[in-house]
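Presented below is the structure to which this report refers.
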Amino acid sequence: MKRILCATVMMLALDAGAWGAEERFRVCADPANPPLSTRNQDGFENRIARLLADELKQQVEYTWFPQRIGFLRNTLKKKDPKTGQYRCDVVMGVPAGYELAATTRPYYRSTYVLVVRKGAGFDDIHRPEQLFDLPEERKRRLKIAMFDRTPGVTWLLRHQLLRQGRTYQSMTGDPSVNTAMRLEQEFEAGRINMAVVWGPIGAYLAWKHPRDYELIPLKSEKGIRFDYAIAMAVRRGDTERRQQLQRLIDAKHDEILAVLREYRVPLVDRNGDPL
């Protein structure tokens with residue numbers, strides 16, 4: 001064990017030199033995407049970026065851009081016309097194997113969740129299957145937020161709950177308000193009492209209002225995939241940086257998971273079972 005630890009420390013020391021001791025840990029991020037990233041740097045991706053940068057004895061530097069269509073084109077792949085350098089080097093969270101960038105191995109796996117607002121008449125719901133057998137009178141009271149082009153719509157349709165769905169766009173028209181913030185507003189206004197949403201987004205509600213929401217993980221079914229592996233990304237061809245980043249992730253594995261759990265991110269294994 002001592003040999004392995006010493007080898008890891010040596011590799012990280014070498015990485016700091018290869019990355020460049022004078023450089024900064026330059027991250028491409030959305031300034032308004034809690035609980036993942038914010039301009040105030042209080043999201044879990046901000047925390048993880050700082051964790052990795054500290055290991056390299058570097059400062060984190062951000063290039064901010066809304067994480068929508070054109071995000072990579074305007075951040076990771078874009079050069080500063082004055083310096084000729086790329087604007088940033090690392091994206092903290094993308095689907096593993098993302099075809100538009102070079103990715104590390106997954107550093108966590110999460111799943112879609114059923115978010116239940118407590119005190120709205122459904123505090124007895126602790127498993128998604130319970131919704132299927134509710135009396136019709138209670139089913140009529142369900143108001144479940146679902147997002148276009150997500151597996152939640154298919155799931156509600158399959159289980160004859162589409163009438164109880166309330167459709168929302170996956171991206172809001174305002175780049176300063178993300179899906180998590182929009183859900184918070186809709187729950188507070190009483191327009192919905194549940195939601196089917198990607199776990200890290202639902203985690204925002206459980207993290208900010210721990211007494212008011214329950215997150216129920218959804219497990220993939222035949223034809224409906226809910227769980228996905230998340231990795232970090234660099235530019236294609238930036239092999240050395242990707243390898244260095246992977247070694248950092250491996251060395252800080254337990255601390256990274258601790259941050260994710262602190263932010264209430266639902267974590268699952270390869271089978272989609274909660275960790």
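How big is the antiparallel share of DSSP beta bridges in segment 109-217, given as a percent to the nearest 5?
Beta bridges within segment 109-217, antiparallel portion: roughly 60 percent.
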Check: With labels modelled as points extended 7 Å from the Cα through the Cβ direction, what inter-label distance (nm, one decimal) is found for D273 paired with K139?
Finding: 3.2
Check: Here are several values of Cα extents along the principal axes in Å: [x] 61, 42, 42; [y] 114, 39, 34; [z] 65, 48, 34. Which one was derived from the coordinates shown?
Finding: [z]
Check: For the residue pair H253 and Q85, what label-to-label distance in nm results when each label sits 7 Å from Cα along the Cα-to-beta-carbon direction?
Finding: 3.3
Check: Which whole-number percent gives the relative contact order of segment 109-217, counting Cα pairs below 8 Å spaced six or more residues apart?
Finding: 45
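Fewest to most neighbouring Cβ within 10 Å: what's the order for K219, K143?
Ascending number of Cβ neighbours within 10 Å: K219, K143.
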Next item on the list: Would you kindly derive the ³J(HN,Hα) couplings of segment 79-90 from the backbone phi angles with the Karplus curve 6.51 cos²θ - 1.76 cosθ + 1.60 (θ = phi - 60°), listing them in order in whole Hz, with x for Gly and Pro?
Entry: 9, 6, x, 7, 9, x, 8, 5, 5, 7, 10, 9
Checklist line | Fraction of antiparallel bridges per DSSP, the chain only, in percent to nearest 5 | finding: 65
Checklist line | Amide hydrogen neighbours beyond the local backbone of Y108, cut-off 5 Å, H modeled | finding: I230
Checklist line | Cut-off under 5 Å, modelled amide H: who pairs with Y86 long-range | finding: D80
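Please arrange I224, I201, I249 by counting, for each residue, the other beta carbons lying within 10 Å of its beta carbon, fewest first.
Ascending Cβ contact count within 10 Å gives the list I224, I249, I201.
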Notebook entry, point to check: Mind listing the phi-derived Karplus ³J(HN,Hα) values for segment 259-275, rounded to whole Hz, using 6.51, -1.76 and 1.60 with θ = phi - 60°, and x for any glycine or proline?
Noted result: 5, 4, 5, 4, 8, 6, 5, x, 10, 9, 8, 4, 8, x, 8, x, 8
Note to self: Exceeding 25 Å between C-alpha atoms, which entries from my cross-link table qualify? They are K77/K252; K77/K222; K139/K219; K118/K143; K143/K208; K219/K252.
What the structure shows: K77/K252; K77/K222; K219/K252
Checklist line | Relative contact order, percent, the chain [alpha-carbon distance under 8 Å, six or more residues apart] | finding: 26
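Coordinate-derived values only; no laboratory data. Fair warning: this is a prediction, and the values are worked out from it, not measured in the lab. Every residue, glycine among them, receives a Cβ derived from its backbone with ideal geometry; neighbour counts consider all protein chains shown.
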